[in-house]
Amino acid sequence: MPIFKRNPINNKVIDRNREVFSLNDDGFVDYLNQYHDHYVSAEVALHNSDIYSVIFQLSGDLASSKIFADAQRAQGILNNPTDATNSHAFWQAMYSQLLLSGEAFAYRWRNINGTDLKWEYLRPSQVSTFLLDGGSGLIYTVSFDEPEFGVKQAVPASDMIHIRLLSKNGGKTGISPLLALHSELNIKKSSNQLTLDALGQSIISPGVLSIKKGGLLDAKKKANRSKEFVNQIRSSNNGPIVLDDLEEYTPLEIKSNVAQLLSQTDWTGKQIAKVYGIPDSYVNGQGDQQSSIDQIKGMYANALNRYMNSVISELNNKLNADIRADIRPAIDPLGDNYATNLSKLAKNGTIASNQAVWMLQKAGYFPEDMPEAKVVVKPKGGDNNDKEDFD
């Protein structure tokens, strides 16, 4: 393993034979991203209910999709990537990290023959990415949580699963979608504080108790009468309040402009949906009233497919296999839409009925051991009392 040292002049990592440029170096990041100070951390973002909802739905649906490989070994590691948890939890963690930070990492533990034994999920903070001099490839420095493994330097790209989204450096690293939400989240935070202040000022008092008939009370007596009135309300057990002719109580209402302010505090949900490329109805918005359910599903399916393509491309590159994905279980979990489309194709003569049944069995809509259909043949002529013949 080569021993690296940092050059303080040009921010390079140097060994005896080669130079590598740190893609995690502050100077390099500043050069790539002039808005680096606008980064929104995942921990802060997940405190926003709309972002949490989007991340949970997208990552869960991506993890519910099926990934297929034409090689048995590749399919085996895709189905069971880790011993630490189940397959769905592992892939959902990978997808959620990808959606939050724009990158997702996993270390490939392999035997001497290069066969994958297991994959270990890595947080972005555990990984430093370096570019070899001349742009011939990437290497990584990985900090493991397990003390016996410690830090591995100069990890080749072939030992890493590195999924990226949008990139500004040729696809070497990814950019977090949260970067585009910095202003929106700041506005949301200020809007929430403004709403709380407005509510506090609007309902600071539940009502006004007026003393009539020319009553003159000093401040102390007014305060005491207010406390007595509150105690009277509590002791009435939500019953009617009895007042004499010397007093009049008028309850206060929330001002209409405050109520309008409350209705506008969810506008950032549309911005979050726009950044992640999904219909805003998926973050509990009303969405486009002119869009049909099929159009909304189609837009959501396109978003899932865009994210899945980033994953499939990385897996194809690292596993040396033909990898494909099926997002149908995520957008059509019951398979009813798939069955309807196959039925239409069979009626149009595009496919035969037995082919449609076979495809539905492969999709799990029909059981594999479903008995063959019996054809009922009605006799020509005769009355209704004739018996039916079965083939």
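The values are calculated or read from the model by the stated rules, or taken from the named source; none is laboratory data. As the structure is a prediction and not an experimental result, all values here were calculated from the model. Note: ideal-geometry Cβ built from the backbone for every residue, glycine included; neighbour counts use all protein chains shown. Just so you know, the surface numbers come from the protein's heavy atoms only, side chains and all, with ligands and any DNA or RNA stripped out. Shrake-Rupley method; radii C 1.70, N 1.55, O 1.52, S 1.80 Å.
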Determine which single condition Gly134 fails, assuming it passes every other condition in (1) assigned to a loop (DSSP other than H, G, I, E, B); (2) touching a residue at least 60 places away in the same chain (Cβ under 8 Å). (2)
Taking only the range 249-293 into account, find how many residues are of a type in the set (A, V, I, L, M, F, W, C), at pLDDT 60 or above and assigned to a helix (DSSP H, G or I). 5
Looking at Lys118, Lys172, which is the one that is touching a residue at least 12 places away in the same chain (Cβ under 8 Å), closer than 23 Å to Asn320 by Cα, in a loop (DSSP other than H, G, I, E, B) and over 16 Å from the mean Cα position of the chain (by Cα)? Lys172
Can you name every residue in the range 98-115 that is open to solvent by 10 Å² or more (accessible area, probe 1.4 Å) and part of a helix (DSSP H, G or I)? Leu100, Ser101
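Would it be correct to say that Ser59 is open to solvent by less than 10 Å² (accessible area, probe 1.4 Å), under 18 Å from Ser310 (Cβ atoms), touching a residue at least 12 places away in the same chain (Cβ under 8 Å) and of a type in the set (S, T, N, Q)?
Numbers: open to solvent by less than 10 Å² (accessible area, probe 1.4 Å): yes; under 18 Å from Ser310 (Cβ atoms): yes; touching a residue at least 12 places away in the same chain (Cβ under 8 Å): yes; of a type in the set (S, T, N, Q): yes.
Judged against the criteria, Ser59 is a match.
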Only residues that are open to solvent by 20 Å² or more (accessible area, probe 1.4 Å), in contact with an Asp or Glu (Cβ under 9 Å, 6 or more places away or on another chain) and assigned to a loop (DSSP other than H, G, I, E, B): list them for the range 294-332, please. Asp322, Ile327
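Go through the residues of the range 163-183 one by one and say whether even a single one is closer than 24 Å to Asp83 by Cα and surrounded by 15 or more Cβ atoms within 10 Å (Cβ to Cβ). Steps first, answer last, please.
Step one: list which residues in the range 163-183 are closer than 24 Å to Asp83 by Cα, which gives 163.
Keeping just the survivors that are surrounded by 15 or more Cβ atoms within 10 Å (Cβ to Cβ) gives 163.
Yes, there is a match, as at least one residue in the range 163-183 is closer than 24 Å to Asp83 by Cα and surrounded by 15 or more Cβ atoms within 10 Å (Cβ to Cβ).
Only one of Asn337, Asn341 is under 28 Å from Ser64 (Cα atoms), part of a helix (DSSP H, G or I) and modelled with pLDDT under 85; which?
Values: Asn341 fails: modelled with pLDDT under 85.
Of the residues listed, the single one that is under 28 Å from Ser64 (Cα atoms), part of a helix (DSSP H, G or I) and modelled with pLDDT under 85 is Asn337.
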Checking the structure you have, find out if any residue of the range 121-129 is modelled with pLDDT of 90 or more and in contact with a helix residue (DSSP H, G or I) (Cβ under 7 Å, 6 or more places away or on another chain). yes
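Determine whether Ser158 is farther than 23 Å from Asn316 by Cα, out of contact with any Pro (no Cβ under 6 Å at 6 or more places or on another chain) and at pLDDT 90 or above.
Values: farther than 23 Å from Asn316 by Cα: no; out of contact with any Pro (no Cβ under 6 Å at 6 or more places or on another chain): yes; at pLDDT 90 or above: yes.
In short, no.
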Only unsatisfied item for Gln153, checking (1) open to solvent by less than 50 Å² (accessible area, probe 1.4 Å); (2) of a type in the set (S, T, N, Q); (3) in a strand (DSSP E or B), is (1)
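Rundown of residues vs (1) at pLDDT below 55; (2) surrounded by 14 or more Cβ atoms within 10 Å (Cβ to Cβ); (3) within 23 Å of Thr173 (Cβ to Cβ); (4) within 23 Å of the chain's Cα centre (by Cα), yes/no style:
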{"site": "Val20", "(1), (2), (3), (4)": "no, yes, yes, no"}
{"site": "Val44", "(1), (2), (3), (4)": "no, no, yes, yes"}
{"site": "Ser49", "(1), (2), (3), (4)": "no, no, no, yes"}
{"site": "Asp70", "(1), (2), (3), (4)": "no, no, no, no"}
{"site": "Thr82", "(1), (2), (3), (4)": "no, yes, no, yes"}
{"site": "Ser96", "(1), (2), (3), (4)": "no, yes, yes, yes"}
